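Worksheet for the structure shown next.
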Amino acid sequence: MMGNIMNGIVWSRKNMLTSTNYILTALAIADGISLFMYFLYAVYFFIATEPREGYFHSEAGMYLVLIAFHQFLAFHTLANWLTISLAIFRYMKVCRPNIAKKYCNIQRAKLTILITAIITAFAAIPFYFFYEVYDLSSENNPMYAGFWLRKTNFAENHKDYQLTLLWLYGVIFKVLPSMGMIVLSVLMILKLREAKRRHDDLQSGTSKMTSGYTRTTVMLLIIVLIYVITELPIGITSFFSGLEATESHFFYFLLYSYVGDLIDLLACANGTINFFVYYTISRQFRTTFRKVFFSRFFRKYATAGQSEIVHSDTTDHNELSSTVTHKISLKSVLRKKLSAKPTRSNISDASAVS
């Protein structure tokens with residue numbers, strides 16, 4: 001979560017405002033919220049309580065789990081589609097630069113973020129009707145007390161609804177975006193190789209500019225690759241569950257099983273690794289990050305160092321002045337004593353007069 005907060009702060013700085021960085025800022029916010037929702041779920045199920053029906057759970061606790069689960073899905077899906085938007089924007093800039101100048105601007109980036117958020121919000125609505133919180137004591141089972149989760153009557157009575165969710169989650173949210181980003185990534189890699197051959201004989205200044213442009217593209221390709229590695233297995237699992245055309249407990253595994261924990265960890269890794277990718281590859285990100293988070297420390301340290309130097313110089317000057325003054329005083333005293341002391345010539349003169 002802290003990594004995504006720092007990502008959002010850095011990418012939103014005035015000197016970093018580009019269409020790509022606007023999407024990266026929105027991506028950091030979406031990833032941060034999804035990780036926070038997973039944090040709530042994990043703290044409740046694995047620290048405060050246990051993820052099993054036999055453990056006593058309060059009604060508020062179960063609603064916390066249910067809300068966190070749905071919001072995690074919603075914001076994680078938003079982050080996925082923002083990653084896709086990012087890949088499309090970068091593809092346009094690399095492979096269709098003339099079109100990108102017209103369409104891939106900051107205003108279009110803001111509009112893309114807004115449309116993506118609205119579509120994701122509507123696409124997540126069907127998932128809210130899948131689970132409900134129920135009272136275990138209402139089942140006339142003396143072995144258990146408290147509250148737990150179960151499928152709603154609507155989900156139990158409509159098998160097509162369950163299959164629709166599996167296809168929506170697995171294919172529309174996971175598999176198709178992964179396939180699309182793989183295609184875009186291959187096209188960008190081919191374009192970069194072509195650009196590298198074309199710019200081999202250019203001057204050093206242009207080569208540096210091209211190198212920075214290439215680093216940005218490589219950074220975004222790594223982000224896309226991380227997305228595919230972490231999201232495609234989830235989509236394939238859900239896809240084959242839908243192919244069985246039977247009642248599926250896929251979302252049960254998402255909620256409270258070791259399989260679900262592994263899937264969640266993959267999703268969290270997707271939202272966490274980005275900071276290290278940015279910091280490692282993007283020189284502009286590193287420079288801005290240091291200015292934002294360490295400039296005050298260095299300024300304070302430098303000011304403290306200067307104060308110590310000034311104090312030391314003043315002390316040395318005072319000590320030197322006092323030493324010189326002390327020496328001058330000693331010389332004055334010695335002169336006075338010497339002038340007051342009678343000499344032999346003075347004694348002889350005095351005797352002659354007498």
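Values as computed for the structure displayed
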{"read-out": "Residue count, region 129-161 (criterion: in contact with a Gly (Cβ under 9 Å, 6 or more places away or on another chain) and buried (at least 18 other Cβ atoms within 10 Å of the Cβ))", "value": "2"}
{"read-out": "Qualifying residue in region 58-70 (condition: among the β-branched types (V, I, T), closer than 22 Å to Y169 by Cβ and either surrounded by fewer than 21 Cβ atoms within 10 Å (Cβ to Cβ) or touching a strand residue (DSSP E or B) at 6+ places or on another chain (Cβ under 8 Å) (or both))", "value": "yes"}
{"read-out": "Considering residues of region 174-197 that are of a type in the set (D, E, K, R) and farther than 14 Å from C95 by Cβ only, the residue modelled with the lowest pLDDT", "value": "K196"}
{"read-out": "Entirely in region 77-162, the helices (runs of 4 or more DSSP H) that have 1 or more residues that are free of Cβ contacts under 8 Å to residues at least 12 places away in the same chain, touching a helix residue (DSSP H, G or I) at 6+ places or on another chain (Cβ under 9 Å) and under 30 Å from L192 (Cβ atoms)", "value": "97-103, 106-124"}
{"read-out": "Where Y55 falls short, out of the listed (1) in contact with a strand residue (DSSP E or B) (Cβ under 9 Å, 6 or more places away or on another chain); (2) part of a loop (DSSP other than H, G, I, E, B); (3) surrounded by fewer than 21 Cβ atoms within 10 Å (Cβ to Cβ)", "value": "(1)"}
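The values are calculated or read from the model by the stated rules, or taken from the named source; none is laboratory data. What you see is a predicted model; the values in this text were computed from it and never measured. Note: ideal-geometry Cβ built from the backbone for every residue, glycine included; neighbour counts use all protein chains shown.
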